[in-house]
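A quick write-up on the structure given underneath.
Rule-based calculations on the coordinates, nothing more; no lab input. For clarity, every value in this text was computed on a predicted model and none was experimentally measured. Note: ideal-geometry Cβ built from the backbone for every residue, glycine included; neighbour counts use all protein chains shown.
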Amino acid sequence: MNHNKLRRTVITSLFVVVGFALLFYVHYQSKDFIGGPEIEIISPQNGELFNKPLVFIEGKATNIAHLELNGRQIFVNENNIFNEKLLLLDGYNIITIKAVDRFDREVQKELELVLIEDPSIISTLDEKPDKSLNEAVLEEIIEENDQEENIE
């Protein structure tokens with residue numbers, strides 16, 4: 001009698017442990033399914049200012065089936081890291097990174113980067129501490145365009 005009770009307790013405990021292990025495994029495997037695609041941009045930082053046109057875009061993309069940088073397909077390595085070179089145009093640039101998972105769920109991130117190859121503009125920006133970097137750069141570019149139009 002005592003032996004049967006012990007046996008039933010061991011079997012019940014075994015089923016409970018296997019049940020919890022199975023639930024944990026299902027939860028662990030389904031987090032990617034439930035979560036959707038994710039993009040993390042490591043560098044450069046949003047709003048960063050550059051004085052050379054070549055930029056390296058680095059980030060991590062998980063749970064993806066397709067990844068694009070400005071509409072061009074890019075790829076990740078075995079650690080889900082992407083690293084791409086990009087040429088900026090002079091002035092204000094918007095870089096778009098889009099990821100799609102196998103269920104067509106998508107996420108998109110945008111980077112706003114500024115290329116100023118003329119060092120005189122950067123010194124002018126230092127004189128406008130009350131404005132954000134983007135506001136000061138845009139104001140400076142507008143002023144330059146206005147001056148060029150007045151010359152013509």
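Peptides 3-10, 95-102, ordered by how many other C-beta atoms sit within 10 Å of their residues on average, highest first, read 95-102, 3-10. Close amide H contacts of Glu48 (hydrogens built in the peptide plane, cut-off under 5 Å, sequence separation of 5 or more or a different chain): Val114. Label separation (Asn77 vs Phe56): 1.0 nm, computed from points 7 Å beyond Cα along the C-beta direction. Coupling constants for the stretch 66-73 follow from the phi torsions by the Karplus curve (6.51 cos²θ - 1.76 cosθ + 1.60, θ = phi - 60°), and in residue order they are 8, 9, 10, 10, 6, x, 9, 5 Hz; glycine and proline get x. For the stretch 1-119, the relative contact order comes to 27 percent (Cα pairs under 8 Å, sequence separation of at least 6). Converting phi to 3J(HN,Hα) with the Karplus coefficients 6.51, -1.76 and 1.60 and the offset θ = phi - 60°, the stretch 76-89 yields 9, 8, 5, 9, 6, 9, 10, 8, 10, 8, 8, 9, 8, 8 Hz in sequence order, with x at every glycine or proline.
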